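Reading through the structure tokens given below for one structure.
The values are calculated or read from the model by the stated rules, or taken from the named source; none is laboratory data. All values reported here derive from a predicted model rather than from experimental measurement. Here the Cβ is made from the backbone with ideal geometry for all residues, glycine too, and neighbour counts use every protein chain on show. These accessible areas exclude ligands, DNA and RNA; they are computed on the full protein's heavy atoms, side chains included. Shrake-Rupley method; radii C 1.70, N 1.55, O 1.52, S 1.80 Å.
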Amino acid sequence: KKVIQNSNPYRLPVPTPSPSCTIKQLTDPEKISYERKIFVPGLSGTRHNTGLAHKQSQPVTLDRKRMSSSDDFPDAESKGYLSSQVVHRALVIEDSVVVRKSLSRVLVKLGFEVTEVTNGMDGLKELKESLFNLVLCDFLMPIMDGLDCIQQFRQWESANRHHIRQYIVGISAHASDKDIEAGLKVGMDEFRSKPVSFADLTELKDCKQFKRLSEELQTLQQNPCSAKRPK
């Protein structure tokens, strides 16, 4: 087969085989070293040097198995960049792309699988269709604001999914005490002021309500018949 040289700098250069040999029969006349970039949540933009040295005339074996991040960084899991536990799910309802992406980056670093929506109407749809370990909802958004979104969802939840309560945290940069009180009244469980920091999200992840909901979701995932189906 014809081998086309790839200019991608992140892949190991492969010698072009001669017609009389196969890939497994190839030998490297000189040692081969390469450098590639690997993305790990929390280490974005960091360059990691990986040198591979083969002795002369040693057969080159091409491993087509995809390498995982834990293989590239054995200590990444111990530092908290990777999670060996069950992946938690988070929903971010936020119209600002800057705030939304910032929250998502931190949540991914904390081991979350993140879903993003830009307004309350899309957020309401996601809340009805899925269960999340954590929901972050802005107050002021186009089409439908956060208060209307959460109020309508709590009404739907009480009628269709009363066996489990979704954990929802309101977020805002300009909310007054009156706005915060209104948010808690319509069904938000807590409030955090923007910018929401890493410490804030860690605190939310460690609270009793989050842990209780996570245990319920894990039980529901392992035994779907243990809870009533939503209508």
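If the limit is 25 Å between Cα atoms, which of K101/K178; K125/K208; K125/K178; K125/K185 go over it?
Over 25 Å Cα-Cα: K101/K178; K125/K208; K125/K178.
How do C149, C207 stack up against each other in accessible area, from largest to smallest, with a 1.4 angstrom probe?
Result of the area sort, largest leading: C207, C149.
What does the charge count near E94 come to, summing +1 for each Lys or Arg and -1 for each Asp or Glu among other residues with Cβ under 15 Å from its Cβ?
Counting the neighbours of E94, the net charge comes to -2.
How many angstrom lie between the C-alpha centres of the stretch 85-158 and the stretch 193-214?
14 Å
Sorting K185, K101, K125, K109 by accessible area (1.4 Å probe), largest first, what list results?
K185, K125, K101, K109
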